[in-house]
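S.K.: Got a structure here, written out as structure tokens. Questions coming.
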Amino acid sequence: MALVYFRGIKTSHLRFPLITPFPRRSGVPFCVMRSLDTQTRTPTDNPKGQVKADTSDQPKTLERNTSGFETIIGIETHVQLSTLTKAFCGCPYTYGSQPNTTVCPICMGLPGTLPVLNSKVISFAVKLGLALNCKLSMRSKFDRKQYFYPDLPKGYQISQFDIPIATGGFIDLDLPLEFGGGHRRFGITRVHMEEDAGKLLHSETGSHSQLDLNRAGVPLLEIVSEPDMRSGVEAAEYAAEIQRLVRYLGVSNGNMQEGSLRCDVNVSVRPIGQSKFGTKVEIKNMNSFSAMNRAIDFEISRQVNLHNQGQADQIVQETRLWEEGSQRTITMRKKEGLADYRYFPEPDLPEVVLTDDFVDSILSSLPELPEMKRRRYEGMGLSMQDVLFIANDVNDAEFFDAAVEKGADVKMAANWIMGDIAAYLKNEKLSINEIKLTPQELAALIASIKGGTISGKMGKEVLFELISKGGTVKSIIEKNDMVQIVDPSKIEALVDKVLAENPKQLEQFRGGKTKLQGFFAGQVMKVSKGKANPMLLNKILIEKLNAKS
């Protein structure tokens, strides 16, 4: 039995056997931490993890004048890997599982346990390193990163320090047209393997916290960028490209809302022309790319304002949290330096040795990556707007490629996917591989419209039936009697009938009210139940309307 006190928090007694290590609440095991009312703390103390807003330099709305200053931004991205089991034990991990239900003595850090590396973590690390154009370390090792915090049961994190598995890469991306467009290349400093910590669940009153160790030991890849970004837009697009990349590779689902992709952004400013970097501030707690953009813009303005007010010394190296409600950053804690972690080689794990054959096999298995796909789509004649939309989602891109392979017109396939299909997916909150429409039937639908079998308006009706019910284009057209009337003599007879039934409107048209042409076209389409070929109809109708009476 053990009772541990530390900085205003205490853990409940640990009991054995393992199946009931923590007190239970509603049948779910938890480690409960309560604040100690009797403990005193000086005003400068701020336990790690307890957010304390620093409002002295935080007006809710900051002036956005940043002229005369250059922004330097680097990002540390943690990617949670989609492995079946954790990094160093056989426990599975499923997002949303009941707390402390996927744990074992190894990921709980109990004495006498030894880690065993999941080989899939190495495969995924090499795959991502190659995709990021990095140089691989053929011999790398694990290290212990030591710090004291309740969600780290061993008292250290297994990570990589001086010999990461991949270094010195880059990533290319295209900025959206609404942000000015253009191509960017951002450097990658390193990619390294590590394990995740557990998760603290804080009570609303702040009286206690509960510890969930399900996430402890889940494999992560940390991607550290070079400080190459100069705006919130560039940083957000860099993070979005990393998400795109890991999804294309299949190494992670990249869902920010689940914590599968977490970005810590380092921001500093310096006067233009100054070579020395300013004091960097780390920002956490951004759960979307738009939030990242806003958080960076706010932090840039905050730091520039302090410079302009002669208070640059108040910019300290610290970690700040983005507060979505108030749209500002607030102080969380002072930033630790490398020395605080006391890194040393992990004695319980051997070094990781890669062979040329192993690396070559992974290199040959890499899919077409987002940047390669964008360049290929450009070569197919698509606009940059079309290219960015389709290549953004791996499922959309695969669907588009399959439809074109089946003979679909490139531009029409892009238009259908970006238009009616995308609208349906957004409304129903589905992905394109969750609907009943197949690439083959989209190609058949496009061919039917191009060939004049059905009109574009009919095509939409066919499309929505294909999406919701499935089936084939041919069977839907036949079932609903949708085949267009393309026989000129039949359309001419319909036009004559409509003109004969509307002599007053015909007289008005010939008297100068030419807008009535639309009325006659609508009447013909009504009589034909929408099946008259629009181009042929307009041609015949104009000839008849302009004919001498």
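The values are calculated or read from the model by the stated rules, or taken from the named source; none is laboratory data. This is a predicted model, so every value here is computed, not measured. Quick reminder, even Gly has a Cβ in these numbers, built from the backbone with ideal geometry, and neighbours come from all protein chains shown. These area figures cover heavy atoms from the full protein model, side chains too; ligands, DNA and RNA do not enter into them. Shrake-Rupley method; radii C 1.70, N 1.55, O 1.52, S 1.80 Å.
S.K.: Go over the candidates Ser209, Ser252 one by one and state the one that is in contact with a His (Cβ under 6 Å, 6 or more places away or on another chain), of a type in the set (S, T, N, Q) and assigned by TED's automatic domain parsing to the domain that holds Phe298.
M.R.: Ser209
A quick yes/no check of all residues on (1) open to solvent by 60 Å² or more (accessible area, probe 1.4 Å); (2) more than 30 Å from Pro176 (Cα to Cα):
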site	(1), (2)
Phe389	yes, no
Ile421	no, no
Lys429	yes, no
Leu437	no, no
Gly456	no, no
Lys479	yes, yes
Val486	yes, yes
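S.K.: Hey, does region 70-85 have a residue that's more than 22 Å from Tyr238 (Cβ to Cβ) and crowded, with 20+ Cβ neighbours inside 10 Å?
M.R.: For region 70-85, residues more than 22 Å from Tyr238 (Cβ to Cβ) and crowded, with 20+ Cβ neighbours inside 10 Å: absent.
S.K.: Within region 462-494, work out how many residues are among the acidic types (Asp, Glu), within 11 Å of Lys531 (Cβ to Cβ) and modelled with pLDDT of 85 or more.
M.R.: 0
S.K.: On to the next question. Quickly run through region 274-320 and pick out the residues that are of a type in the set (Ser, Thr, Tyr) and without any contact (Cβ under 8 Å) to a residue 12 or more places away in the chain.
M.R.: Ser275
S.K.: For region 459-472, check the following and say yes or no: at least one residue is touching a residue at least 60 places away in the same chain (Cβ under 8 Å) and over 29 Å from the mean Cα position of the chain (by Cα).
M.R.: There is no residue in region 459-472 that is touching a residue at least 60 places away in the same chain (Cβ under 8 Å) and over 29 Å from the mean Cα position of the chain (by Cα).
S.K.: Can you tell me which of (1) within 29 Å of the chain's Cα centre (by Cα); (2) more than 17 Å from Leu363 (Cβ to Cβ); (3) open to solvent by 20 Å² or more (accessible area, probe 1.4 Å) is the one Leu110 doesn't meet?
M.R.: Result: Leu110 fails condition (1) only.
S.K.: Moving on to the next point. Quick one: count up the residues across region 267-281 that are part of a strand (DSSP E or B) and surrounded by 19 or more Cβ atoms within 10 Å (Cβ to Cβ).
M.R.: Summing the residues that are part of a strand (DSSP E or B) and surrounded by 19 or more Cβ atoms within 10 Å (Cβ to Cβ) in region 267-281 gives 4.
S.K.: Would region 460-473 turn up any residue that is open to solvent by less than 20 Å² (accessible area, probe 1.4 Å) and farther than 19 Å from Ile421 by Cα?
M.R.: no
S.K.: Sticking with this structure for a sec: Among what's in region 314-364 and is charged (D, E, K, R) and in a loop (DSSP other than H, G, I, E, B), pick the residue that is farthest from Ser301 (Cα to Cα).
M.R.: Asp348
S.K.: Here's something else I'd like to know. Tell me whether region 416-433 contains one or more residues that are more than 26 Å from Arg247 (Cα to Cα), assigned to a helix (DSSP H, G or I) and either among the hydroxyl-bearing types (Ser, Thr, Tyr) or in the same structural domain as Gly181 (by TED's automatic domain parsing) (or both).
M.R.: The answer is no; no qualifying residue exists.
S.K.: While we're looking at this one, here's another question. Determine which member of the set Asn305, Asn285 is crowded, with 16+ Cβ neighbours inside 10 Å and over 18 Å from Phe69 (Cα atoms).
M.R.: Checking each option against the conditions leaves just Asn285.
S.K.: Given the structure, is Glu258 out of contact with any helix residue (DSSP H, G or I) (no Cβ under 8 Å at 6 or more places or on another chain), farther than 30 Å from Gln314 by Cβ and either in the same structural domain as Ser97 (by TED's automatic domain parsing) or in contact (Cβ under 8 Å) with a residue 60 or more places away in the chain (or both)?
M.R.: Yes.
S.K.: Which number in (1) within 21 Å of the chain's Cα centre (by Cα); (2) closer than 29 Å to Lys373 by Cα; (3) touching a residue at least 40 places away in the same chain (Cβ under 8 Å); (4) surrounded by 14 or more Cβ atoms within 10 Å (Cβ to Cβ) marks the one condition that Ser123 misses?
M.R.: (1)
S.K.: Could you count how many residues in region 290-302 are touching a strand residue (DSSP E or B) at 6+ places or on another chain (Cβ under 9 Å), open to solvent by 10 Å² or more (accessible area, probe 1.4 Å) and farther than 12 Å from Thr71 by Cβ?
M.R.: Going through region 290-302 one residue at a time, the tally reaches 1.
S.K.: Related question: Could you list, in sequence order, all residues of region 322-341 that are surrounded by fewer than 19 Cβ atoms within 10 Å (Cβ to Cβ) and modelled with pLDDT of 90 or more?
M.R.: If the condition is that a residue be surrounded by fewer than 19 Cβ atoms within 10 Å (Cβ to Cβ) and modelled with pLDDT of 90 or more, then Glu323, Glu324, Gly325, Ser326, Gln327, Ile330 are the ones that fit.
S.K.: Okay, next question. Going by the conditions given, is Lys513 without any contact (Cβ under 8 Å) to a residue 40 or more places away in the chain, open to solvent by 70 Å² or more (accessible area, probe 1.4 Å) and over 54 Å from the mean Cα position of the chain (by Cα)?
M.R.: It is true that Lys513 is without any contact (Cβ under 8 Å) to a residue 40 or more places away in the chain, open to solvent by 70 Å² or more (accessible area, probe 1.4 Å) and over 54 Å from the mean Cα position of the chain (by Cα).
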